[in-house]
Amino acid sequence: MSAAYATFALAPAMRAGGVLAGGDYQVHRDFVDFIVDGRPLLFRLSDLDAVSPLASDVPPAIFTAQVRSLLLETEAPLPGGRYVVYGCPECEDLACGAVTAVIARDGDDYIWRDFAWQTDEQADLHLSGYHGIGPFRFRGTEYRAALASLLDGDGSGARRRVLLIGARVAVLAKLAAALRGIGIGADIAHDANDVPAEELRAYGAVAFGRAVPQAERDAVRRSFERAGVDVAHVDGLAPIVPLLVAQIQHALDRSPLERRRLAGLVAADGEAGVEVTAPCRVRLTAYRLDRLHRTHTHEIFDGVLEAGHHRIALDAEAVKGEAFVVARTFGSVLVEAVSR
């Protein structure tokens, strides 16, 4: 085993849920990711849809138990001193598959080794081991400080609630239902004038329908400022529910820009320009409104892209008129209006 040290840190991350074709939901999850040598460990696992055990939506007692488990203050949950590093974002059942690793102490150091994909109590390193990952040796002081900071309330308090303000009540109701369906709380209001400051502090974003006058938007912003809340503001691009969900998810993403797989999106001149920072599956969906304001959805691309810049052709029919493109990975989402 190499004696070289790897750095250990933590950073906010998310699993981007959404409203899928056919109306199905994919759950939105906020979690804390492991940063090894300055890079999310999840990125080393290629196209994996998973979250760490340090999810913001688990009860505080379970969150604390997960932290103490990674600090080796409790028995390993799996045979052989193995711990779940990433699990299923929908149900967290081991039967769905999980990335596990042996976590052990060596003096004051912590070592993560023998990474494997596991679906039952025993891991088969020969058949399902991640042979190119680890072992990692972390300095004990750095490792303990990062995890202990979560016990002080730094890691599990994501504000995953949205205030919706608009003129079209039917659209707002559908949007609120879609957000709640993927695990994001949503409330509908005409304004925020008489909302107590403690209630405003529960919101991570406020979303405006495009018919809301600028004066009303400014008044809502001032209400949040008086409450001392740094809240994301979303100006709805069109009354298309999946599009608005994507905009709101992007606004709620607290992960550092330099640690996102999906780094850029442009849509112009008959093509979409996509920038990714690590190999990952990317899905491009086009939404457009016709002259009767009916919504049309077109799946443009669904495949694994290598790190770098990519150009993907946009079908002219899919982006005719007023159109928008949504790019999704498991960890992030971007939205762009199609430029002419």
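Which length gain, in nm to one decimal place, applies between Glu299 and Thr141 when the Cα-Cα distance is subtracted from 0.36 nm times their residue separation?
Once the chain is fully extended between Glu299 and Thr141, it gains 52.1 nm.
Report the dimensions of the range 158-254 along its three principal axes from the alpha-carbon atoms, largest first, rounded to Å.
For the range 158-254, the Cα spread along each principal axis is 31, 29, 18 Å.
How large is the helix-only mean residue ellipticity at 222 nm for the chain, computed as the sum of -39500 (n - 2.57) over DSSP H runs with n ≥ 4, divided by its residue count, in deg cm²/dmol to the nearest 500?
-6000 deg cm²/dmol
Any idea how far the Cα center of the range 261-298 sits from the one of the range 78-143, in Å?
36 Å
Using θ = phi - 60° and the Karplus form 6.51 cos²θ - 1.76 cosθ + 1.60, what ³J(HN,Hα) does each residue of the range 183-200 get, whole Hz, x for Gly and Pro?
So the J values, rounded to whole Hz, are x, 10, x, 8, 10, 10, 8, 7, 7, 10, 4, 10, 7, x, 4, 5, 6, 4.
Phe330: accessible area at probe 1.4 Å, nearest 10 Å²?
About 30 Å², ignoring ligands and nucleic acids.
Which of (i) 38, 25, 16; (ii) 32, 24, 19; (iii) 32, 28, 15 is the computed semi-axes √(5λ) of the Cα gyration tensor in Å for the structure on display?
Read-out taken from this structure: (i).
Tell me, for the chain, which Cys residues have no other cysteine's C-beta sitting closer than 4.7 Å.
Cys91, Cys280
Kindly provide the pair-distance distribution of the range 256-339 built from C-alpha pairs, with 10 Å bins from 0 and whole-percent values in order of increasing distance.
Spelled out bin by bin, the range 256-339 gives 19, 52, 24, 6, 0 percent.
Tell me the net charge near Gln26. Cut-off is 12 Å between Cβ atoms, Gln26 excluded, with +1 for each Lys or Arg and -1 for each Asp or Glu.
With Lys, Arg at +1 and Asp, Glu at -1, the net is +1.
Under 5 Å between amide hydrogens, which residues at least 5 positions from Glu322 or on another chain qualify, with H placed 1.01 Å from N in the peptide plane?
Under 5 Å from the amide H of Glu322 lie the amide H atoms of Leu289, each far enough along the sequence or on another chain.
From the backbone phi of the range 78-88, what are the Karplus-calculated ³J(HN,Hα) couplings (6.51 cos²θ - 1.76 cosθ + 1.60, θ = phi - 60°) in whole Hz, Gly and Pro given as x?
10, x, x, x, 9, 10, 6, 9, 9, x, 4
Calculate how steeply helix 60-70 sits against the longest principal axis of the alpha-carbon atoms of the chain, using the helix alpha-carbon long axis, and give the answer as 0 to 90 degrees to the nearest 10.
That helix lies at roughly 40 degrees to the long axis.
Regarding the range 8-152, what is the average projected area of its C-alpha convex hull, in nm²?
The Cα convex hull of the range 8-152, projected and averaged over all directions, gives 9.2 nm².
Enter the angle in degrees (range 0 to 90, nearest 10) between the Cα long axis of helix 140-151 and the first principal axis of the Cα atoms of the chain, meaning the one along which they spread out most.
Here the helix axis deviates by roughly 40 degrees.
Helix 169-181: angle to the longest alpha-carbon principal axis of the chain, degrees 0 to 90, nearest 10?
Once rounded, one gets 10 degrees.
The values are calculated or read from the model by the stated rules, or taken from the named source; none is laboratory data. Quick caveat, the model's predicted, so the values are computed rather than measured. In this analysis, Cβ positions are derived from the backbone assuming ideal geometry, glycine residues included, and neighbour counts consider all displayed protein chains. SASA here: full protein model, heavy atoms, side chains in, ligands and nucleic acids out. Shrake-Rupley method; radii C 1.70, N 1.55, O 1.52, S 1.80 Å.
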